Amino acid sequence: MNNYKFEAAQRYSHQGFHNKAIDTLKELLADDPNNAIYHGLLSANLLAKGRVYAAEYELKIALNIDPAVSYFYLVMARICIFKKNLKQAFDSCNEALALNVESAEAFLIKSNIYQMLDKRKESLECIQNAAQCEPESIDVAVAFGEFYLAQNNFNKADKFVRDALHEDAQDEDANLLMGNLQLKLGNIEEAEYHAKFVILQNPENQAALRLFSNIKLRKNILFGLWWRFNSKVASLSNVKSSLVLISAFLIFSVLSQIIGDLGYDSLAKSVSYTWLILVIYSWIGIPYYNKTLKKELEKFSFNPHF
Amino acid sequence: MSNYQIIDEPKPKKIENFIVDPIIILLASIFIPFILNPPMFGKYWMPIVWLLANGYFLGSSTIWKEVIISFIGSILLVGLIILFLYFYQNPGLGDFITPYLRIIIQATLFLTLYLIVFTQANSYSIHEYLKEQRDDT
């Protein structure tokens, strides 16, 4: 029974249904609270939902129970990347590789870190190492595709992304990459198809939401700007959102005060109300944007042509 | 039904019905002062107390963080209000400074509220998700 549940949790996790994976793992942990693997997988899913503190806590439990599992260090590397601690992420990848020299995922995470540091040569070497470990892996093909897309080598990127989609047409990362590639090639309709496909699979995929807003921007500048603004605001962290709204309040209030001091009282009043409009908008606008997005996605139908 | 509790999951108190979306408290604290002015500087301390009570009923996993933000925010607010009253009673330089001090006081209040609300919002969204699940079963 537990094996069956664990397989389900792994499947949910792989397909991006992180809440379902978390619920299943909680049920498993209720029966077996000392299972390191359950804690490790739970940590990875919590991280995917942005619950970093809980992810770190669960990983700590997993490592206390069994510190010799390579996968745990990969989760730790992802947590470190999330917290922008690239050095520790790199060390965690090395620890994962010390426990399992053939961990393609560790090489791919290292490649990501190199890409963030703009070290292209090292990044490519890591992807090549990953390819040696797992030549048929979709993740490796996607990594090659992303690398070549970043170099604007569209032909090579296209080849790798098609290979990945040929292996699994529903893979989230491969579809996202195809969407980005098609947008760069100016094939808006195809790009939109893949973006919608990814968002339907995982509504919280920020990269897909960004791609979708870029597509909207290409179609209609004004509507696209609105779309991009909302997608940006929706993805801001709590502290950043607070700072943006407070900065807006300060700017409008001080401006209104200065205009008032200059004797333009009615204009000063309208400026001070602008902030209130912004507050009302942050309350109504974002849910409206989410509703519009949902409506757009409802029209989506899977097309085997793509 | 699982009974394993993840560390960031809230542990609501029995009076769960009093829990509201923290965004509602924030909006109320912005718009209610336009309609009525609560006594004893109420517009400054009432929303903070309401948010803390909400965090307590919710069993928010970040309640101590919320308390610390409230504490620092309240100290800053008290200091700024004292400064405002000082300049208010001393015309001259005060005439120029008081309108801007009023803006800074408001900004400090809103920043404190925003930080508490956004911190509490994580616990609230997990609470809503778990409640939905409980209602389904």
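None of the figures in this text is laboratory data; all of them are computed from the coordinates on show. Source: prediction; values computed, not measured. Positions of Cβ are generated from backbone atoms using ideal geometry, with glycine treated the same way; all protein chains shown enter the neighbour counts.
List of remarks:
- Considering residues of region B:1-23 that are touching a residue at least 60 places away in the same chain (Cβ under 8 Å) and assigned to a loop (DSSP other than H, G, I, E, B) only, the residue surrounded by the fewest Cβ atoms within 10 Å (Cβ to Cβ): B:Met1
- The set of residues from region A:65-77 being crowded, with 21+ Cβ neighbours inside 10 Å and charged (D, E, K, R) is empty.
- Yes/no for B:Gln106 being surrounded by fewer than 17 Cβ atoms within 10 Å (Cβ to Cβ) and within 12 Å of chain A (Cβ to nearest Cβ): no
- Of everything in region A:132-145 that is of a type outside the set (Val, Ile, Thr), touching a residue at least 24 places away in the same chain (Cβ under 8 Å) and surrounded by fewer than 23 Cβ atoms within 10 Å (Cβ to Cβ), the residue that is nearest to A:Ser111 (Cα to Cα) is A:Asp139.
- Any hit, region B:92-100, residues being loosely packed, with under 15 Cβ neighbours inside 10 Å, under 21 Å from B:Lys131 (Cβ atoms), within 14 Å of another protein chain (Cβ to nearest Cβ) and of a type in the set (A, V, I, L, M, F, W, C): no
- Restricting A:Leu211, A:Leu297 to residues that are more than 14 Å from chain B (Cβ to nearest Cβ), assigned to a helix (DSSP H, G or I), touching a Gly at 6+ places or on another chain (Cβ under 6 Å) and in contact (Cβ under 8 Å) with a residue 12 or more places away in the chain narrows the list to A:Leu211.
- Contact annotation: residue pairs with Cβ atoms under 8 Å, 6 or more positions apart or on different chains, pairing a residue in region A:105-117 that is closer than 10 Å to A:Leu86 by Cα with a partner that is in a helix (DSSP H, G or I) and acidic (Asp, Glu), are A:Tyr114/A:Glu122.
- Residue within region B:24-43 that is under 28 Å from A:Tyr53 (Cβ atoms), surrounded by fewer than 14 Cβ atoms within 10 Å (Cβ to Cβ) and either at the interface with chain A (Cβ under 8 Å from one of its Cβ atoms) or not aliphatic (A, V, I, L, M) (or both) present: no
- Top-ranked residue of region B:24-44 - restricted to ones that are among the aliphatic types (A, V, I, L, M) and assigned to a helix (DSSP H, G or I), ranked as farthest from the chain's Cα centre (by Cα): B:Ile35
- Flag for B:Leu51 being crowded, with 18+ Cβ neighbours inside 10 Å and either more than 13 Å from chain A (Cβ to nearest Cβ) or over 23 Å from B:Asn17 (Cβ atoms) (or both): yes
- Count of region A:228-272 residues which are within 11 Å of chain B (Cβ to nearest Cβ), out of contact with any Gly (no Cβ under 9 Å at 6 or more places or on another chain) and assigned to a helix (DSSP H, G or I): 23
- Filter result (within 20 Å of the chain's Cα centre (by Cα) and part of a helix (DSSP H, G or I)) within region A:74-92: A:Leu74, A:Val75, A:Met76, A:Ala77, A:Arg78, A:Ile79, A:Cys80, A:Ile81, A:Phe82, A:Leu86, A:Ala89, A:Phe90
- For region A:1-37, taking the residues that are outside any helix (DSSP H, G or I) and surrounded by fewer than 16 Cβ atoms within 10 Å (Cβ to Cβ), the one that is nearest to the other protein chains (Cβ to nearest Cβ) is identified as A:Pro33.
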